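The values are calculated or read from the model by the stated rules, or taken from the named source; none is laboratory data. A quick note: this is a predicted structure, and the numbers were derived from the prediction, not measured. Here the Cβ is made from the backbone with ideal geometry for all residues, glycine too, and neighbour counts use every protein chain on show. SASA here: full protein model, heavy atoms, side chains in, ligands and nucleic acids out. Shrake-Rupley method; radii C 1.70, N 1.55, O 1.52, S 1.80 Å.
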Amino acid sequence: MCGICGEVRFDGASPSVAAVSVMADVLAPRGPDSAGVMVRGNVGLGHRRLRILDLSDKSQQPMVDPDLGLSMVFNGCIYNFRELRGELEAKGYRFFSDGDTEVILKAWHAWGPDCMARFHGMFAFVIHERDTGRVVMARDRFGIKPLYLAEISGAIRFASSLPAIVKAGGIDTSIDLDALHNYMTFHAVVPPPRTILKGVRKLPPATLRVYEPDGRFSDRRYFDPSYLRRPEDAAVSREEWQERLLESLRLAVKRRMIADVPVGVLLSGGVDSSLIVGLLAEAGQTGLMSFSVGFEEANGEKGDEFVYSDLIAERFGTDHHKIFVPSADLMGALPGTIAAMSEPMVSYDNVGFYLLSKEVSKHIKVVQSGQGADEVFGGYHWYPPLVGSNDVVADYGRAFRDRSHEVLKTQLESRWMAESDVSGELLRDHLLRSGAETPVDQALRLDSSVMLVDDPVKRVDNMTMAWGLEARVPFLDHELVELAARIPPEEKLRDGGKGILKDVARKVIPSEVIDRKKGYFPVPQLKYIAGPYLDMLRDTLSSSAARERGLFRQSYLDALIAAPSEHITPLQGSELWQAGLLEMWLQAHEV
């Protein structure tokens, strides 16, 4: 797990070592253990390392294989690298290191683009071919590892975070109007290739991109699971689905234990993270560290789920750590949280993950986390109403979108409005493309391939890596997701959502954790904004920088500040927090 960056020139000039070094410095929290920068021909590569596999310097990056004429930087983990190494050794390849980085290099040389289907893991990597001059970029199937890109004169730059690219300079930092529309209407989700800034793009998940020496490039999408029912699955019983799912989960969790350092668990007390703990215990894992976070109550809403995380920790004998965050500490952590965001993200639990990661990183370098289960197994409230929907685009939009295009016109100043309902068009394109059998399947596919990537997954990566902590997500094991896509929607929607996952969980963990009201990562002070939080947002939105930018109509801001609790989105988000967070992010990153 690391931070990567670089510059690729297409105009015959040499890459800027200074720019690569600046980007690498910004990425230092992602990889605090060591650093490296190198230039070879038209390519400059930078790396910050977090030592997880092969703790020696043999796996130092940028990595160069002079015999194969390949150099690369890599962020992530290939969980099956040892199996792949065995295959490659059988083909005659010899290795100088014991980690997964060199396996990617050899795999690319041996199998070319077909190697992507062989990788089990989370990754973003860039490979330079000395002999052809080509540059290869790839991102994992669910975008767990980020890869941002920017075109500059005669070149491209890339990095694991957007702020790293901005810091190197020469980038158009004006706001992308279509991305702003996404942010305001699609719950802050800005799908690739866009970001909130015009001059920075991001490589889509499950994408392999090959740049030619003249700058032309081609993309190949290498993963797109089918949400159609297979004829052979028609006779599969509920019990057999459960057995298949349990075995797939066991394998997904086991794969993510591979490391040369201890691996812990972020334990929220919900079904998903509790199941991970139970499966690890079932597999014989001992001395497992688990971590939970809680906040002060607000407006009568409880700020922790310690009663459930305590139950799991006691049942499975984990070395459990509870972190309670007083309101004063929460306020103090907000600037660091916002600075850690590669893109503005409105979910309240950003600060929760930020503070939790800070504490966890004092004890351990790797954790497993339960993100992805709701999107894969139908855990959200907007799925049941889609059963039998005759207009999935409209029905999904009513449940998920923060506001309509027409309402947004009354809130943004006209110069900041996209010309059309680009977010509605985006939903239509994703929901209605072929390959999904029912409206629920269409929504699950959208959420797992789009929403998940640029909300929960990005949130966890940004907040954990701010403290040099690697988070692994077994519910996004691609074979598990492919299996889940085959399971009939009604099996997922049973029992208030995630029915089949709950069936499996009952075989592993106590029912008290399962048979209860669904919980979230609660940070009630940011949902029910009052006191110092209201003062902070008022000051931000009335600052000279905000007034000069003029994103929002003053009448809209006045209404928000006068009665924050009366302006809540369909997903129970604060409109005031959404507006203020965007402005705070822009100011924090000097945009």
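Averaging 1/r across all pairs of distinct Cα atoms in the stretch 545-589 and inverting the result yields a Kirkwood radius of 11.1 Å. The share of accessible area on the stretch 1-133 that comes from carbon and sulfur is 48 percent, using a 1.4 angstrom probe.
With the simple model of a label 7 Å out from the Cα in the direction of the Cβ, D260 to V236 spans 3.9 nm.
Can you tell me what share of the DSSP beta bridges in the stretch 189-313 is antiparallel? A percent to the nearest 5 is fine.
75
You can think of it this way: the chain between R118 and K517 has 139.7 nm of extra reach, that is 0.36 nm per residue less the Cα-Cα gap. Each DSSP beta bridge with both residues in the chain is either parallel or antiparallel, and the antiparallel ones are about 75%.
Ranking A339, S268, W577 by how far each Cα lies toward the positive end of the dipole of the chain (charges on Cβ) leaves A339 at the top.
If I take R0 = 35 Å and measure r between the Cβ atoms of L228 and S404 in this structure, what FRET efficiency does the formula 1/(1 + (r/R0)^6) give, to the nearest 0.05?
0.65
Here the simple spin-label model places points 7 Å from the Cα toward Cβ, and for A13 and D429 these points are separated by 3.2 nm.
Between E247 and D219, what is the FRET efficiency for a Förster distance of 41 Å, r being their Cβ-Cβ separation, to the nearest 0.05? Calculated value: 0.75.
Per residue, the chain exposes 36 Å² of accessible surface when a 1.4 Å probe is rolled over the protein heavy atoms with every protein chain present.
With q set to 0.12, 0.13 Å⁻¹, the log10 of I(q)/I(0) for the stretch 133-234, from the Debye formula over equal scatterers at the Cα positions, is -0.48, -0.55.
Peptide packing for 567-575, 383-391, 163-171 was compared via the average number of neighbouring C-beta atoms within 10 Å per residue; ordered from the highest value, the list is 163-171, 567-575, 383-391.
Per residue and in Å³, how big is the convex hull formed by the alpha-carbon atoms of the stretch 253-313? Provide the component values of the computation, followed by the final result.
Details: hull volume 5.4 nm³, N = 61.
Hull volume over Cα atoms, normalised by residue count, gives 88 Å³.
Taking the square roots of 5 times each eigenvalue of the Cα gyration tensor of the stretch 238-368, largest first, gives ellipsoid semi-axes of 28, 17, 16 Å.
Within the stretch 70-119, the ratio Rg/Rh, alpha carbon atoms throughout and Rh by Kirkwood, equals 0.90. Only Lys, Arg, Asp and Glu carry charge here, each on its Cβ (+1 for the first two, -1 for the last two); on that basis the stretch 360-462 has a dipole of about 440 debye about its Cα centre. Charged side chains reduced to their Cβ positions (Lys and Arg at +1, Asp and Glu at -1) give the stretch 454-538 a dipole of some 340 debye around its Cα centre. Farthest toward the positive end of the dipole of the stretch 49-165, out of S153, S56, G86, is the Cα of S153, where the dipole comes from beta carbon charges about the Cα centre.
How large is the helix-only mean residue ellipticity at 222 nm for the chain, computed as the sum of -39500 (n - 2.57) over DSSP H runs with n ≥ 4, divided by its residue count, in deg cm²/dmol to the nearest 500?
Numbers: 24 runs with 224 residues, N = 591.
After summing the helix terms and dividing by residue count, I get -11000 deg cm²/dmol.
Once Lys and Arg get +1 and Asp and Glu get -1 on their Cβ, which of A117, T464, F306 lies farthest toward the positive end of the dipole of the chain? Checking the options against the dipole of the chain, the answer is A117. Share of carbon and sulfur in the accessible area of the stretch 199-326 stands at 50%, probe radius 1.4 Å. Between the alpha-carbon centres of the stretch 186-213 and the stretch 383-432 there is a gap of 21 Å. Across every direction, the projection of the convex hull enclosing the Cα atoms of the chain has a mean area of 25.5 nm².
Note on the stretch 1-154: semi-axes of the ellipsoid equivalent to its C-alpha gyration tensor, largest first and rounded to whole Å, are 23, 18, 15. Given H placed on each backbone N at 1.01 Å, which residues far from G264 in sequence or on other chains put an amide H within less than 5 Å of it? Correct list: V366, V367, Q368.
Would you mind classifying the stretch 378-511 by shape? Square roots of the alpha carbon gyration tensor eigenvalues, ordered a ≥ b ≥ c; an a/c under 1.5 is rounded, otherwise it is prolate if a/b is larger than b/c and oblate if not. Taking the square roots of the gyration eigenvalues as a ≥ b ≥ c, the stretch 378-511 is oblate. Close Lys pairs in the stretch 448-591 (alpha-carbon distance under 22 Å; sequence gap of 8 or more, or different chains): 14. Each principal axis of the Cα cloud of the stretch 473-571 was taken in turn, and the coordinate range along them, longest first, works out to 56, 29, 23 Å. Using only side-chain charges placed at the Cβ, +1 for Lys and Arg and -1 for Asp and Glu, the dipole size of the chain relative to its Cα centre rounds to 760 debye. Averaging the Cα positions of each part gives two centres, and for the stretch 464-484 and the stretch 263-293 these lie 14 Å apart.
Can you give the % of DSSP beta bridges in the stretch 258-393 that are antiparallel, to the nearest 5?
10
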